[in-house]
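I have placed the structure first, in the form of structure tokens, so that the comments after it can refer back to it.
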Amino acid sequence: MAVVTAAARVLGSSRGLGQDGLLLLRRLGVRGLAISHPQRQQQRFSSLDDKPQFPGASAEFIDKLEFIQPNVISGIPIYRVMDRQGQIINPSEDPNLPQEKVLKFYKSMTLLNTMDRILYESQRQGRISFYMTNYGEEGTHVGSAAALDNTDLVFGQYREAGVLMYRDYPLELFMAQCYGNVSDLGKGRQMPVHYGCKERHFVTISSPLATQIPQAVGAAYAAKRANANRVVICYFGEGAASEGDAHAGFNFAATLECPIIFFCRNNGYAISTPTSEQYRGDGIAARGPGYGIMSIRVDGNDVFAVYNATKEARRRAVAENQPFLIEAMTYRIGHHSTSDDSSAYRSVDEVNYWDKQDHPISRLRHYLQSRGWWDDEQEKDWRKQSRKKVRASLWETSAPGGVFWGAALWRTPEGWKVWSLGDTELGDLGVTPVMSLSGQAAWAHAPLPYPSSVAVAPCLPFAPLSLKRGTGVSISEGCVRIR
Amino acid sequence: MAAVSGLVRRSLEQVTVREAINQGMDEELERDEKVFLLGEEVAQYDGAYKVSRGLWKKYGDKRIIDTPISEMGFAGIAVGAAMAGLRPICEFMTFNFSMQAIDQVINSAAKTYYMSGGLQPVPIVFRGPNGASAGVAAQHSQCFAAWYGHCPGLKVVSPWNSEDAKGLIKSAIRDNNPVVVLENELMYGVPFELSSEAQSKDFLVPIGKAKIERQGTHITVVSHSRPVGHCLEAATVLSKEGIECEVINMRTIRPMDIETIEASVMKTNHLVTVEGGWPQFGVGAEICARIMEGPAFNFLDAPAVRVTGADVPMPYAKILEDNSVPQVKDIIFAIKKTLNI
């Protein structure tokens, strides 16, 4: 009886203790029960019959030699709500979201797509050094972001801009980060797509793969201790799941019982490495049970499937303080980044299939159209509008007179040029420094350890200066030297 | 009768650093069956920076191996293979990611020969791009010369031009010790003339020997990797003003060829070190300390000076990045200050 009550506490009191419950309980063993609980005491001193006593596993004996065959032929099934044409398959799984919300899904995904195109072009034009697109994976971002609370903490890898887009991160800030201009919250320190936003609870992207996984677990543990009613979601690709940090993260999330959602975007490629070379098991979802983690595999290009799975995972992660693993199957339609040309390792036909036949945006559009919430006219209109929006924010960012960290755009007779400050005293330039030199040094957290006789490259990043328009002063190239 | 037979036509070929490393690896793969290359994207993709272009096509899956994404994993596998008698070349996409495997590099590769009393060699090569690139910010731009140069048990080399790159990778592969080869991404595409001697299959650059790239009398300028080119540029500018710099290309970080530097300082009486890495506990710091401990100290007419990268994580914005690495004008400034000009 006591066991049942305990189980009910673990599983959520609204659920009865059905067959699944008992199975879960057996697998849980005595998890969730206090050390002093009689059931726990009982386990240790077993009866006289010949049952295994090993502390390491809760199992029966078997006298037949049999290796467990990893099941990769028919692996964990893929949960979906819509078919490829955007039609609901099982009406009871339709989340029945209001029109406004579904339109927000659609607009977020398409705006992201538009922004991706324009920023990719920017890199090709030499305006930014690097960019990574999100083509084909918009559904995974928006579906999961929509299922979370706005205060839930997000740890991303680098291909989750849609999460920020859904949380209404302004286009200007996306641009500012990529361009490293004065509006950049990161002050021009990070390479493009390494977004971070404190107000939107999106932890700044870090380049080394999978390092965010144990960090996310730690954050979730902190949320649990604070009783914050908050979940942490941790995104990573199927390639990053090969890193040692992923193993440590999963194991700790389970043993420390953290309210965390591990969201794996399995998009088929890690740069050029296909999944067949990345792992031999049944994807990432199959690893979850190995750690004692509730796991599911979903169709990542079905935004409702992603939404449903994330919503339920969130509810239970917080209620039961346990981790969940969602493996969203999708396809990376774009190149890995602007440094990659994926035609070197995959066929154009393959890419076209996903672009034309199984794209999260078109599937949602078909759904919208079948509900009468969208039509071709609105589509045309919205495309024009979103392009205009992105272009406007781009112009704001790279416009003449704009100020970049450490430099300025200045008008000269030959046209707009980027200047750095020369060795002259700032006063000569007719400029108003935002911060005094000593203030800049202090702010840069780097003391001035080297006397002027030591020529350390004058590196201290300095605050932007507000320059008077139209002064037409010619500034020699160079940099501010701290004396 | 013209001594035609005495004429040696030295055919100079333009070879990029990338091609030089590729050639070096190709020749060693051909020479010794035990040599193999592993890392992320090294096979069909031809390498993340195309350094292993064509090798998978030529040698196949058994010699050129793509690994899953786990630096710790594949570095460990490579170390194990080396212990078992193979000669792996372990490529890190950049040395920044080697931090995820550093336990394997130091605790397993570097220390094992000593800890086993000489019984267990680890003939492994760790290679990849090191140091600053362009517009890739802090986590892709750190220089690891000082980190790896600190550890006994490792040999650490840092090539500058194609001749260095080819000769050093070959020496590294033939060396029975763990060798860290710190390449430079920005140098990969730079062509240099390779003499016919350097083009031969047995051309080796000895590990532990620096090269004097330019003779001079007024000041010794010591550097490694890409900054060597900047030092030579600075020397060209200064020679117009009558200052003759002796530029030394270290080639090897560990074991450091301090003798060449000492001999040069005893001749010129002035020393400037130039590196891309951070100043604290860096390569320049070690050079200065050793000069003080050796005979060359008494020949110095001015304190030795270090020109280094800025003591900050590499920023992304172009103008900030440019000012975070030593530029030619900084080297000139340091040289003039040292010479009190």
- Task: Please enumerate the residues belonging to segment A:121-157 that are under 30 Å from A:E100 (Cβ atoms) and of a type in the set (F, W, Y).
- Result: A:Y135, A:F155
- Message: Anything in segment A:364-398 that is of a type in the set (D, E) and either closer than 20 Å to A:G143 by Cα or in a helix (DSSP H, G or I) (or both)? List them, or say none.
- Response: A:D376, A:E377, A:E379, A:D381, A:E396
- Task: Return the only residue of B:V305, B:V265 being among the β-branched types (V, I, T), within 14 Å of chain A (Cβ to nearest Cβ) and either farther than 23 Å from B:L154 by Cα or within 18 Å of the chain's Cα centre (by Cα) (or both).
- Result: B:V305
- Taking segment B:46-70 as the region of interest, how many residues are facing chain A (nearest Cβ under 10 Å), touching an Asp or Glu at 6+ places or on another chain (Cβ under 8 Å) and free of Cβ contacts under 8 Å to residues at least 40 places away in the same chain? 5
- Query: Here are some conditions: (1) surrounded by fewer than 20 Cβ atoms within 10 Å (Cβ to Cβ); (2) part of a loop (DSSP other than H, G, I, E, B). A:V351 meets all but one. Which one does it not meet?
  - Reply: (2)
- Of B:F74, B:F97, B:F36, the only residue that is part of a strand (DSSP E or B), aromatic (F, W, Y) and in the same structural domain as B:G153 (by the TED database) is B:F36
- Given A:G268, A:G239, A:G300, which one is free of Cβ contacts under 8 Å to residues at least 40 places away in the same chain, touching a strand residue (DSSP E or B) at 6+ places or on another chain (Cβ under 8 Å) and closer than 20 Å to A:E137 by Cβ? A:G239
- When restricted to A:A216, A:A220, A:A241, A:A176, the only residue farther than 18 Å from A:E396 by Cα, assigned to a helix (DSSP H, G or I) and within 12 Å of chain B (Cβ to nearest Cβ) is A:A241
- Query: Would you say B:I253 is at pLDDT 95 or above, under 19 Å from the mean Cα position of the chain (by Cα) and away from chain A (no Cβ under 14 Å)?
  - Reply: yes
- Before we move on, is A:T275 more than 14 Å from every other protein chain (Cβ to nearest Cβ) and at pLDDT 95 or above? no
- Pick from segment A:246-272 the residues that are of a type in the set (S, T, N, Q) and out of contact with any Phe, Trp or Tyr (no Cβ under 7 Å at 6 or more places or on another chain): which of them is nearest to the other protein chains (Cβ to nearest Cβ)? A:N266
- Query: Taking segment B:144-176 only, how many residues are more than 12 Å from B:P255 (Cα to Cα), part of a loop (DSSP other than H, G, I, E, B) and over 11 Å from the mean Cα position of the chain (by Cα)?
  - Reply: 2
- For segment A:197-210, enumerate the residues that are in contact (Cβ under 8 Å) with a residue 24 or more places away in the chain and either facing chain B (nearest Cβ under 8 Å) or among the aliphatic types (A, V, I, L, M) (or both). A:V203, A:I205, A:S207, A:L209, A:A210
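The values are calculated or read from the model by the stated rules, or taken from the named source; none is laboratory data. From a predicted model like this one, the values you see are computed outputs, not experimental measurements. Glycine gets a Cβ as well: all are built from the backbone with ideal geometry, and neighbour counts include every protein chain shown.
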